[in-house]
Amino acid sequence: FAPDGAGFFAEVSERRLGLHQRSPGGRDRFIALDDAFDPKFDFVQELRAEPDGSIVLTRWSGRVHVLEPDGEVRDLTLPRTEAGELYYTATRVGDRICATRCGRVEVVCQDLPD
């Protein structure tokens, strides 16, 4: 939940991943994120409301979706290892995304694309 009371929920319908936003007052909005999501091999681990008003959605695969306060969606894919380690949580630090990756228990950071 965001500080203004808006709720954000990851939703999967068949192979379509989206972000469901419920605003205070009951207005709903669905934001498409990925039309080729494979729930057998990926999972939305965390949704995080950031202080700047953006929402960061972290997937096990290392794919991260960022909903900007203006409604723009930005995506990035964090580096994978041969061991196929999973990502658990990501946060925004300016124009960078930093996420925890299991295995070696490390934090991986990458710039957001323009």
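The values are calculated or read from the model by the stated rules, or taken from the named source; none is laboratory data. On a predicted model such as this, the values are computed, not experimentally measured, just so you know. Positions of Cβ are generated from backbone atoms using ideal geometry, with glycine treated the same way; all protein chains shown enter the neighbour counts. Remember, those area values only see protein heavy atoms, side chains included, never the ligands or the DNA or RNA. Shrake-Rupley method; radii C 1.70, N 1.55, O 1.52, S 1.80 Å.
If Val12 passes every condition in (1) part of a strand (DSSP E or B); (2) among the β-branched types (Val, Ile, Thr); (3) modelled with pLDDT under 90 but one, which one does it miss?
(3)
Just one of Ala83, Ala90, Ala99 is aliphatic (A, V, I, L, M), part of a loop (DSSP other than H, G, I, E, B) and more than 14 Å from Leu19 (Cβ to Cβ); which is it?
Details: Ala90 fails: part of a loop (DSSP other than H, G, I, E, B); Ala99 fails: part of a loop (DSSP other than H, G, I, E, B).
Just one listed residue meets the conditions, Ala83.
Run down Glu82, Glu50 and say which single residue is without any contact (Cβ under 8 Å) to a residue 12 or more places away in the chain and acidic (Asp, Glu).
Only one candidate passes the filter, namely Glu82.
Could you please find all residues in the stretch 3-19 being under 15 Å from the mean Cα position of the chain (by Cα) and open to solvent by less than 20 Å² (accessible area, probe 1.4 Å)?
Of everything in the stretch 3-19, those that are under 15 Å from the mean Cα position of the chain (by Cα) and open to solvent by less than 20 Å² (accessible area, probe 1.4 Å) turn out to be Gly7, Leu17, Gly18, Leu19.
Any residue in the stretch 8-32 that's on the phi < 0 side of the Ramachandran plot: show its pairings with residues that are of a type in the set (S, T, N, Q) at Cβ separation under 9 Å, as long as the two are six or more apart or on different chains.
The qualifying pairs are Phe8/Gln21; Phe9/Gln21; Arg27/Gln21; Asp28/Gln21; Arg29/Gln21; Arg29/Ser23; Phe30/Gln21; Ile31/Gln21.
So which residues in the stretch 102-114 are part of a loop (DSSP other than H, G, I, E, B) and either free of Cβ contacts under 8 Å to residues at least 12 places away in the same chain or acidic (Asp, Glu) (or both)?
Residues satisfying the conditions are Val105, Asp114.
Output the residues belonging to the stretch 58-79 that are at negative phi, surrounded by fewer than 16 Cβ atoms within 10 Å (Cβ to Cβ) and part of a loop (DSSP other than H, G, I, E, B).
Matches in the stretch 58-79: Glu68, Pro69, Asp70, Glu72, Pro79.
Taking into account only those residues within the stretch 20-57 that are in contact with a Phe, Trp or Tyr (Cβ under 6 Å, 6 or more places away or on another chain) and part of a strand (DSSP E or B), which is most open to solvent (accessible area, probe 1.4 Å)?
If we take residues in the stretch 20-57 being in contact with a Phe, Trp or Tyr (Cβ under 6 Å, 6 or more places away or on another chain) and part of a strand (DSSP E or B), then Gln45 is most open to solvent (accessible area, probe 1.4 Å).
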